[in-house]
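Worksheet: one structure, shown below.
The values are calculated or read from the model by the stated rules, or taken from the named source; none is laboratory data. The structure presented is a predicted model; accordingly, all values stated were derived computationally and were not measured. Every residue, glycine among them, receives a Cβ derived from its backbone with ideal geometry; neighbour counts consider all protein chains shown. These accessible areas exclude ligands, DNA and RNA; they are computed on the full protein's heavy atoms, side chains included. Shrake-Rupley method; radii C 1.70, N 1.55, O 1.52, S 1.80 Å.
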Amino acid sequence: MKNFLHLTVLAALAGNAVAQLTTECDPTKKTTCPADPALGTGHLWYFNETLDSRVWTMETGELVETPEGGDFIIHAAGQSTLLTSNFYIFFGVVEAWVKMAVGQGIVSSVVLESDDLDEIDWEWVGYNTNEVQSNFYGKGNTTTYNRGRHHKVDNADSEFHNYTTYWDQDKLQWWIDGVMQRQVNYGDALAVYGKNYPQTPSQVKFSNWPAGQPGNAQGTIDWAGGLVDYSQAPFTMTVQSVRVQDFHSGKEYIYGDKSGSWQSIIVKE
Ligand SMILES: *[C@@H]1O[C@H](CO)[C@@H](O)[C@H](O)[C@H]1NC(C)=O
Ligand SMILES: *[C@@H]1O[C@H](CO)[C@@H](O)[C@H](O)[C@H]1NC(C)=O
Ligand SMILES: *[C@@H]1O[C@H](CO)[C@@H](O)[C@H](O)[C@H]1NC(C)=O
């Protein structure tokens, strides 16, 4: 765990409304962005204990520890939750044990996201407790939403399941309870989806947020099953634990140029 002594705690994001597709400094657009602190190792966190604030930042909303895990709670309109790792991984594995929040318009998510908006998602839409969606984006390209897929999972609200993302330079996989649901190859991502393969150092994020909210794009509201009915609150997503493995072992990741390719990333020891 020595790497954490070197961690820079990033400034909290201001006024986050939507968990996905935000960045403080995009190194493919700006000349000077801070280096990304690396996890550089593997670790398992239980969310029934207060998380080390040098390692995780609760950017928005409420996280409550209970014996079974950490509850991400929305009580009322205007509320949202977002927990972000202060560390980045440059390829790796994320194994999250989650119970989704129930409620039309409410979305639970586990996200890997980089500074130049590469993104890998698990998303549970609150009106369907027997499904999770996988998705990915390259460089914040949302011209089409054709990359999402639906996966069956029983009782996603009342049972913890093992949602594991495996990510390296060649392939991206989503696993549920030890069964692979989906694989996207680097080459396929380029051929089928344009330059959309996620390949830059990413933070791990957990969020329970209201997608069905007036003011959001109608497509987002429809996707979430309609507007949130706050008379049904609170809406709670529970995270039991997360195991994160970084496939590199440096201290920092630095963008060597503005290409946003994995080959351009400098791993600083
Ligand atoms: C948290 O959960 C882990 C795994 O079940 C357990 O070993 C640990 O004692 C729990 N901690 C607290 C504070 O309940
Ligand atoms: C969770 O699933 C991943 C992928 O199949 C597997 O490697 C891992 O061992 C599983 N975790 C547990 C605790 O069973
Ligand atoms: C953005 O994604 C679309 C659809 O997947 C793809 O056709 C397009 O080439 C991508 N754009 C870039 C700049 O890669």
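Below are the figures for this structure:
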quantity	calculated
Relative packing of peptides 187-200, 85-98 - highest average C-beta neighbours within 10 Å first	85-98, 187-200
Solvent-accessible area per residue, Å², over segment 21-149 with all protein chains present [probe radius 1.4 Å]	36 Å²
Reciprocal mean inverse distance between Cα atoms of segment 125-269 - Kirkwood radius, Å	17.7 Å
Share of carbon and sulfur in the accessible heavy-atom surface of segment 55-180 [1.4 Å probe, %]	49 percent
Cut-off 15 Å between beta-carbons: net charge of the residues surrounding ASP157, Lys and Arg +1, Asp and Glu -1	-4
Per-selection Rg to Rh, the chain - Cα, Kirkwood hydrodynamic radius	0.94
Lys, Arg +1 and Asp, Glu -1 on Cβ, resulting dipole of segment 198-269 about Cα centre, debye, nearest 20	160 debye
Dipole moment magnitude, nearest 20 debye, the chain about Cα centre, only Lys, Arg, Asp, Glu C-beta charged	600 debye
Convex hull (Cα only) mean projected area of segment 104-159, reported in nm² to one decimal	4.1 nm²
Restraint check, LYS99/LYS258; LYS205/LYS268; LYS29/LYS99; LYS30/LYS268, Cα-Cα greater than 31 Å	LYS99/LYS258; LYS29/LYS99
Helical contribution to [θ] at 222 nm, DSSP H n ≥ 4, -39,500 (n - 2.57), averaged over the chain, rounded to 500	-1500 deg cm²/dmol
Accessible area per residue, Å², segment 183-240 with all protein chains present, probe 1.4 Å	40 Å²
Dipole of the chain [Lys/Arg +1, Asp/Glu -1 at C-beta], most positive-end residue of GLY187, PHE91, LEU39	GLY187
